[in-house]
Amino acid sequence: IASRAYFVPNDEQKGYEYIYFPCRARISRKAQRKNLKILGIQNGRVLDIHYPSGNVIALLVHKLYKQELIKNMQDAGIKYIDNYDPINPNIITNPELQSLSIEEKTKLAEEKYNQRLMRALPFIRSDYTKKSVANFFYTQQLI
């Protein structure tokens, strides 16, 4: 236990982050976790999986696992999307919503993003981790 004091992450390493990757199709979380396992990804470290827009998958991980995840995916020939913006109004592609203004699309994208974050929390298995993620989302003013 005393050795933990030497391995306390600095502020840049604390917290969680969604890492975005291109994908061909939306499949169930169970099937996606199976695919991640085949790629050598530790499923216990992937806290949430969702699809923020067409052909994009988001994986929620602790910041300390980010580089390992990116490396494993790149080793499999999958490059992460470095500059993906989940609240960009361009992700609203529903033809019925194309008449909305940029401001309205941005607000809708923000609402959808917030809903995805809130839906992620029940899927996190550990109560401690769930509370930690919820607290991080709250302190970052994401929810």
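The values are calculated or read from the model by the stated rules, or taken from the named source; none is laboratory data. None of these values were measured; they are calculated from a predicted model. Cβ atoms come from the backbone with ideal geometry, glycine included; neighbour counts cover every protein chain shown. Accessible surface areas use protein heavy atoms only, side chains included; no ligands, DNA or RNA. Shrake-Rupley method; radii C 1.70, N 1.55, O 1.52, S 1.80 Å.
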F136 vs. criteria in contact (Cβ under 8 Å) with a residue 40 or more places away in the chain and either closer than 25 Å to A25 by Cβ or surrounded by fewer than 17 Cβ atoms within 10 Å (Cβ to Cβ) (or both): no
Restricting attention to region 122-143, which residues are β-branched (V, I, T), assigned to a helix (DSSP H, G or I) and farther than 17 Å from L59 by Cα? T139
Number of the exception - I81 against (1) at pLDDT 90 or above; (2) of a type in the set (V, I, T); (3) more than 18 Å from Y51 (Cβ to Cβ): (3)
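Are any residues in region 77-121 among the acidic types (D, E), in a helix (DSSP H, G or I) and open to solvent by less than 90 Å² (accessible area, probe 1.4 Å), and if so, which ones? Walk me through it before giving the result.
Start the filter on region 77-121 by keeping residues that are among the acidic types (D, E), which leaves 82, 85, 96, 103-104, 110-111.
If we keep only those that are in a helix (DSSP H, G or I) too, we end up with 96, 103-104, 110-111.
E110, E111 - these are the residues of region 77-121 that are among the acidic types (D, E), in a helix (DSSP H, G or I) and open to solvent by less than 90 Å² (accessible area, probe 1.4 Å).
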For I27, the lone unmet condition from (1) among the hydrophobic types (A, V, I, L, M, F, W, C); (2) touching a Leu at 6+ places or on another chain (Cβ under 7 Å); (3) over 21 Å from L121 (Cβ atoms) is (2)
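Right, Y51: of a type in the set (F, W, Y) and touching a residue at least 24 places away in the same chain (Cβ under 8 Å) or not? Steps first, please.
Working: of a type in the set (F, W, Y): yes; touching a residue at least 24 places away in the same chain (Cβ under 8 Å): yes.
So Y51 passes the test.
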Tally the residues that are open to solvent by 80 Å² or more (accessible area, probe 1.4 Å) and either of a type in the set (V, I, T) or at pLDDT 85 or above (or both), restricting the search to region 1-59. 12
For region 46-59, how many residues meet the condition of being in a strand (DSSP E or B) and either closer than 16 Å to K79 by Cα or among the basic types (K, R) (or both)? 4
Positions within region 60-73 being buried (at least 19 other Cβ atoms within 10 Å of the Cβ) and either touching a residue at least 24 places away in the same chain (Cβ under 8 Å) or within 11 Å of the chain's Cα centre (by Cα) (or both), in sequence order: L60, V61, H62, L69, M73
